[in-house]
Amino acid sequence: MFPERVVSSFVRRLNQTYLATFPTTTTCLPGPEPGKRYVLYAHVPFCERLCLYCSFNRFLFKEDHARAYFRNLRDEMRMVADLGYVFDSLYVGGGTPTILLDELCQTIDLARELFGVAEVSAETSPNHLGAELAECLAERVHRLSVGVQSFDDRLLRQMDRYGKYGSGEDVFERVASVAGQFHSLNVDMIFNFPTQTDDVLMHDVDLIKATGANQTTFYPLMASPSTRREMEPLVGKIDFAREYRLYRDIGARLAPEFEPASAWTYSRDSSEMIDEYIVDYEEYVGVGSGALSFLRGTIYANTFSLREYDRRIAGGGMAVVKAGRPYGRKALMRYRFVTDLFGLRLDKERFLRDFGVPVERGLRTEITFMKAVGAIQSDDGRYLTLTPTGRYLLLVMMRETLATSNEHRDEARAQLPLDERMLLLEGDKAYPRIQERLASAISA
């Protein structure tokens, strides 16, 4: 698809500058600005199994490490509270936040106490679904997001998820068992996995509709370049040429029960919380190892090292180790353009109020391109909305942004001490060459 190639190339080039971070002597995040709304993101970087396609900050679960980490996470939240922040919403991501339910509950309860949080989203894995999770979280979590990826047994084996999470039938039953117990139950799926056929994908869509979940997010495979290289010998090369067709087919198959709620999320009810908090909150504070904050137009990155995170928090300081260059006016306009349209409409009046220029003049090239390729559905003077082609192009923008972020995460992991890097490996088929090299380096 020609527009996809243009957008991919343009966004990749911009993100090399916009997402770059550099070592900083800053020891503390800036405080809140009066009248601005923020969301709090808390990162829990532990998983019982590491998926080969995932670049998020994550380590193999060890209970003693995880309990110490949760204590530090709560201490970091107290430091954020001391800066004067108030949050309407908390998003707990990972990793697998439900790895220790008691610790997660204490963390959510503290966020409510410190910040007056009213709305909580949390991620989980299929093997954690059941009566205990529902009992602990149903009154604490409004939106539960379950990382399923696929119900197909062959794909689950290739993703190295079958052994831990069970068959597609097992996963389906677990999802169905908690449907209706949360305000919003979102099921995360992957599409355009190299060996995923059209029939398998459409069967996954049908099963989503049958689970009783009221929301689903279909992510395109967003592996960083280095992860793609690791994956290729195992599952083949990603075919971006078919991505738009698969995206279009997903939306058509989900309709009319599910309608688009963002460029890649579909809901049964348009009033439900959507998958990406950046749609509702332009700026956010991140706590936890590897978490990012975006404040006053600047990205701040916490250390990836668990040991360094522990040292900094125990010493009474925050975990920021890198910061980006402050966004200029044009960059902030582009950021607004992407986040608004990712949420399916751009508020032209707000854009004019905040930037002092109409979006058509401030982002002349971007608007002209979107109109030329048929991405704009309507312009009523107040809002710009998207066609299916436009939604796909916003998905591409987000895919490339997250792929660049994943590349930076890979670089951060490569700088970890060797013993911490060993916590990233399981010794299975996905990482044999890497584990050999690390084991040799440690023994030397």
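Overview of values
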{"quantity": "Enumeration of residues in region 159-191 that are closer than 25 Å to Ser262 by Cβ and among the small types (Gly, Ala, Ser)", "calculated": "Ala176, Ala179, Gly180, Ser184"}
{"quantity": "Any pair with Cβ under 6 angstrom, 6 or more apart, that starts in region 213-235 at a residue that is under 28 Å from Phe172 (Cβ atoms) and ends at one that is of a type in the set (Phe, Trp, Tyr) and surrounded by fewer than 21 Cβ atoms within 10 Å (Cβ to Cβ)", "calculated": "none"}
{"quantity": "Count of region 142-170 residues which are hydrophobic (A, V, I, L, M, F, W, C) and farther than 24 Å from Asp269 by Cβ", "calculated": "3"}
{"quantity": "From the options Leu234, Leu254, residue that is at pLDDT 95 or above and either closer than 27 Å to Asn127 by Cβ or not polar (S, T, N, Q) (or both)", "calculated": "Leu254"}
{"quantity": "Sole residue being farther than 30 Å from Arg112 by Cα, in contact (Cβ under 8 Å) with a residue 40 or more places away in the chain and in contact with an Asp or Glu (Cβ under 8 Å, 6 or more places away or on another chain), chosen from Leu201, Leu207", "calculated": "Leu201"}
{"quantity": "Among the residues listed as Tyr247, Tyr219, the single one being part of a helix (DSSP H, G or I), among the hydroxyl-bearing types (Ser, Thr, Tyr) and surrounded by 17 or more Cβ atoms within 10 Å (Cβ to Cβ)", "calculated": "Tyr247"}
{"quantity": "Residues located in region 164-176, provided they are in a helix (DSSP H, G or I) and in contact with a helix residue (DSSP H, G or I) (Cβ under 8 Å, 6 or more places away or on another chain)", "calculated": "Lys164, Tyr165, Gly168, Asp170, Val171, Phe172, Arg174, Val175, Ala176"}
{"quantity": "Candidates Ala430, Ala441, Ala403, Ala412, filtered to the one that is at pLDDT below 75 and part of a helix (DSSP H, G or I)", "calculated": "Ala441"}
{"quantity": "Selection from region 384-406 of residues that are among the basic types (Lys, Arg) and closer than 19 Å to Thr227 by Cβ", "calculated": "Arg399"}
{"quantity": "Tabulated pairs, region 4-29, first without any contact (Cβ under 8 Å) to a residue 12 or more places away in the chain, second surrounded by 13 or more Cβ atoms within 10 Å (Cβ to Cβ) and among the aliphatic types (A, V, I, L, M), C-beta under 9 angstrom, 6+ apart or interchain", "calculated": "Phe10/Met397"}
{"quantity": "Condition met for Phe56 (over 24 Å from Tyr162 (Cβ atoms) and either at pLDDT below 95 or in contact with a Leu (Cβ under 7 Å, 6 or more places away or on another chain) (or both))", "calculated": "no"}
{"quantity": "Filter pass, Phe56 being under 23 Å from the mean Cα position of the chain (by Cα), within 25 Å of Glu420 (Cβ to Cβ) and aromatic (Phe, Trp, Tyr)", "calculated": "yes"}
{"quantity": "In region 78-87, residue nearest to Gly130 (Cα to Cα) [restricted to those that are outside any helix (DSSP H, G or I) and touching a residue at least 60 places away in the same chain (Cβ under 8 Å)]", "calculated": "Phe87"}
{"quantity": "Checklist (1) more than 26 Å from Ser8 (Cβ to Cβ); (2) of a type outside the set (Phe, Trp, Tyr); (3) under 27 Å from the mean Cα position of the chain (by Cα) applied to Glu349, failing item", "calculated": "(3)"}
{"quantity": "Complete set of residues in region 296-330 that are part of a helix (DSSP H, G or I), crowded, with 16+ Cβ neighbours inside 10 Å and touching a residue at least 60 places away in the same chain (Cβ under 8 Å)", "calculated": "Leu306, Tyr309, Asp310, Ile313"}
{"quantity": "Selection status of Gly212, in contact with a helix residue (DSSP H, G or I) (Cβ under 7 Å, 6 or more places away or on another chain), surrounded by fewer than 21 Cβ atoms within 10 Å (Cβ to Cβ) and on the phi > 0 side of the Ramachandran plot", "calculated": "yes"}
{"quantity": "Selected residue (only one of Arg12, Arg37 is touching a helix residue (DSSP H, G or I) at 6+ places or on another chain (Cβ under 6 Å) and at pLDDT below 95)", "calculated": "Arg12"}
{"quantity": "Every residue from region 262-281 that is at pLDDT 90 or above and within 12 Å of Phe218 (Cα to Cα)", "calculated": "Ser262, Ala263, Trp264, Thr265, Tyr266, Ser267"}
{"quantity": "Number of the exception - Ala372 against (1) more than 18 Å from Pro260 (Cα to Cα); (2) hydrophobic (A, V, I, L, M, F, W, C); (3) surrounded by 14 or more Cβ atoms within 10 Å (Cβ to Cβ)", "calculated": "(3)"}
{"quantity": "Pair list, Cβ < 8 Å and 6+ apart or interchain, from region 365-378 residues that are at pLDDT 95 or above to residues that are in a helix (DSSP H, G or I) and among the basic types (Lys, Arg)", "calculated": "Glu366/Arg334"}
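The values are calculated or read from the model by the stated rules, or taken from the named source; none is laboratory data. What you see is a predicted model, and the numbers here were worked out from it, not measured in a lab. So basically every Cβ, Gly included, is an ideal-geometry build from the backbone, and we count neighbours across all protein chains shown.
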